[in-house]
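The values are calculated or read from the model by the stated rules, or taken from the named source; none is laboratory data. Computed from a predicted structure; not experimentally measured. All Cβ positions, glycine included, derive from the backbone under ideal geometry; neighbour counts span all protein chains shown.
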Amino acid sequence: MIKFEKQAPKEWLVITDKYEPITLNLLSSTVTNKYHIVTEYIERVAQYNGDEFVDWLITLLKDCEDEKRRPRVIISNLYKLKYYIDSYMDAMNFDYDQFVDLTKAKKHSILFKADEIREIIQFTGYLKIYSLISNNEKLRLGQTLHKEIFNILADSILDTKIIKKIYDVIQTKTFRYNLTDKFMWEYIKKVQGKDIGIHVVEIFNFIMKDILIICEENKNPITYFIGVIDESVKWFLRSVYKGSIVYDDSISTEDIQGTHTDNLKTYSYNDTLGRLKGIAYEKIYELLQKQTAVLTNGELSDKHIIEFHERASSIQYNSPLSESIIFPVLSKMTDIPFQHFRTLSPEHTAVIAVYIQTLFRKVFGGADYGTLFSLLNFYPLKQPSVGTTYTIKRVHEFIDQQNETKNFFGFDTKILPNQVISHFVGRASRIDFTDILTGKSLGGIPLSKLESNMIQFFTLYFASKLDEKIGKMTKLMNYDF
């Protein structure tokens with residue numbers, strides 16, 4: 001006998017008569033939200049196959065706890081997994097002909113025969129057992145191995161026309177919406193760079209990855225797929241119809257709808273920043289991976305990712321360096337107005353700052369502006385002051401740099417750049433900084449080096465002497481896009 005008990009939204013217990021309970025810590029996913037479908041199915045399979053199945057399943061879960069043996073253990077047990085599901089399906093002998101109405105089939109209809117529906121349900125059974133591992137935070141495999149095992153489990157339908165038919169259903173249903181919402185799809189293509197074909201592929205991947213697992217053995221899976229397709233397209237279109245435009249990929253701002261706002265431009269700005277945030281997170285994961293030797297299947301361990309996200313989500317204030325360096329430079333690189341960057345949350349500002357720092361180091365190197373660029377990884381623990389009485393201490397260096405350049409946005413003046421650079425240095429000089437990557441506090445700001453870096457950087461920046469290098473940063477950013 002085997003029984004599953006839900007302890008928390010993402011925690012289940014596997015309980016048997018002979019073994020100690022096993023805890024399943026599930027991932028945040030569509031599958032987890034409906035995991036009772038999976039557990040009830042496995043309980044029925046266990047009831048039919050008896051103690052032999054229970055012993056096999058518990059042994060499999062325990063053997064998979066050994067990270068080094070896990071891939072080999074899973075692959076060697078796939079035959080047994082299929083055997084138990086196939087035996088159960090044969091014994092149930094469910095009539096799938098009831099899901100097929102030949103009288104409604106036309107010449108160009110996409111018709112799923114009874115044996116094809118049975119094969120889909122059989123495959124979902126394989127995935128339900130495998131989800132004890134693939135949807136498990138502790139036991140899941142790396143992406144490459146996961147795909148290999150998924151394809152082995154799917155071999156019975158990959159060699160048929162079933163996958164093609166599922167894709168055709170998605171494509172047909174989605175393109176029907178194109179007839180009634182043609183102009184909306186054209187708008188989406190312009191502002192998001194996503195045409196209807198891309199959306200078809202996304203829905204197909206979603207069904208294969210998340211929906212197949214939660215299909216039920218006594219319900220028509222094709223009807224379920226069609227419902228998912230309809231809701232996905234409606235939700236997607238509805239989200240674009242909303243009056244308040246927000247950042248794509250979970251960056252949000254205040255309501256920007258207004259009579260004097262060009263919403264098409266604003267949506268484009270938001271979409272760019274949303275993509276930039278996604279790129280920034282990928283770069284940060286790479287940096288974290290280099291800093292730690294704790295890897296899981298070649299990937300960064302969950303522990304370090306969780307700690308990073310906890311730090312990032314706790315950020316309440318923007319670094320003064322964001323307004324003095326990150327926003328102006330990004331405005332040049334993206335043609336997004338400076339004021340628009342002020343709608344970014346402190347968390348996303350800090351994340352993007354780390355990414356821009358990597359571009360600075362690639363193009364400028366670390367010798368001339370090492371102290372200044374290193375601070376872009378840091379965020380303040382307290383609200384930075386709005387004003388400052390600080391004045392530049394390295395006056396001779398400032399005068400020499402100004403005499404050499406003699407250009408402040410086209411004007412030959414030393415007073416205004418002195419005031420601006422003093423303001424920038426003063427705001428950054430009295431802050432408790434914390435590194436977003438490591439969580440370590442900055443012991444003290446090397447003020448003399450910071451001032452020297454800022455004098456050189458901003459003098460050249462105000463004189464448009466850095467445009468060529470910022471252009472190279474733009475090319476690197478576009479490549480990442």
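Surrounded by 13 or more Cβ atoms within 10 Å (Cβ to Cβ), free of Cβ contacts under 8 Å to residues at least 60 places away in the same chain, outside any helix (DSSP H, G or I) and of a type in the set (S, T, N, Q): which single residue out of T343, T388 fits that description?
Numbers: T343 fails: free of Cβ contacts under 8 Å to residues at least 60 places away in the same chain.
When all the criteria are applied, what remains is T388.
Looking at D467, D432, just one residue is touching a Leu at 6+ places or on another chain (Cβ under 6 Å), surrounded by fewer than 14 Cβ atoms within 10 Å (Cβ to Cβ) and under 30 Å from A280 (Cβ atoms), and that residue is D432.
Identify the residue in the stretch 283-302 that is in a strand (DSSP E or B) and not aliphatic (A, V, I, L, M) and, among all such residues, is modelled with the lowest pLDDT.
Start the filter on the stretch 283-302 by keeping residues that are in a strand (DSSP E or B), which leaves 295-296, 299-300.
Remaining after also requiring not aliphatic (A, V, I, L, M): 296, 299.
Working: T296: 48, E299: 51.
It comes out as T296.
Look at I336 and say whether it is modelled with pLDDT of 80 or more, of a type outside the set (S, T, N, Q) and not in a helix (DSSP H, G or I).
Numbers: modelled with pLDDT of 80 or more: yes; of a type outside the set (S, T, N, Q): yes; not in a helix (DSSP H, G or I): yes.
The answer is yes for I336.
Within the stretch 74-99, restricting attention to residues that are crowded, with 18+ Cβ neighbours inside 10 Å and among the β-branched types (V, I, T), the residue that is nearest to F123 (Cα to Cα) is I85.
Filter the stretch 161-198 down to residues that are at pLDDT below 80, in a helix (DSSP H, G or I) and not polar (S, T, N, Q), then give me how many there are. Please lay out each step first, then the result.
First, pick out the residues of the stretch 161-198 that are at pLDDT below 80: 171-198.
From what is left, the residues that are in a helix (DSSP H, G or I) are 171-180, 182-192, 196-198.
Okay, now just the ones that are also not polar (S, T, N, Q), so 173, 175-177, 179, 182-191, 196-198.
Residues meeting the conditions: 18.
Across the stretch 249-282, the qualifying residues are those that are at pLDDT 50 or above, charged (D, E, K, R) and more than 12 Å from the chain's Cα centre (by Cα), and the one among them that is farthest from E347 (Cα to Cα) is K265. Is there a residue in the stretch 42-62 that is modelled with pLDDT of 90 or more, buried (at least 17 other Cβ atoms within 10 Å of the Cβ), under 34 Å from the mean Cα position of the chain (by Cα) and within 20 Å of M208 (Cβ to Cβ)? Looking for residues that are modelled with pLDDT of 90 or more, buried (at least 17 other Cβ atoms within 10 Å of the Cβ), under 34 Å from the mean Cα position of the chain (by Cα) and within 20 Å of M208 (Cβ to Cβ), one finds none in the stretch 42-62, hence no. Of F458, F462, F398, F409, all but one fail to be under 20 Å from V386 (Cα atoms) and in contact (Cβ under 8 Å) with a residue 40 or more places away in the chain; the exception is F458. Please indicate, with yes or no, whether at least one residue in the stretch 20-32 is in a helix (DSSP H, G or I), surrounded by 14 or more Cβ atoms within 10 Å (Cβ to Cβ) and in contact with a Ser or Thr (Cβ under 8 Å, 6 or more places away or on another chain). Yes. Considering Q401, Q383, the condition of being assigned by TED's automatic domain parsing to the domain that holds I356, polar (S, T, N, Q) and assigned to a helix (DSSP H, G or I) is satisfied by Q401 alone. Only one of the numbered conditions (1) modelled with pLDDT under 85; (2) buried (at least 19 other Cβ atoms within 10 Å of the Cβ) is not met by P221, and that is (1).
Could you grab me the full set of residues in the stretch 120-160 that are surrounded by fewer than 18 Cβ atoms within 10 Å (Cβ to Cβ), charged (D, E, K, R) and either in a helix (DSSP H, G or I) or without any contact (Cβ under 8 Å) to a residue 24 or more places away in the chain (or both)? The answer is K147, E148, D155, D159. Of the candidates R361, R394, R342, the single residue that is farther than 20 Å from N270 by Cβ and within 30 Å of the chain's Cα centre (by Cα) is R361. Of the residues making up the stretch 1-46, those that are of a type in the set (S, T, N, Q), farther than 27 Å from I207 by Cα and in contact (Cβ under 8 Å) with a residue 24 or more places away in the chain number 1.
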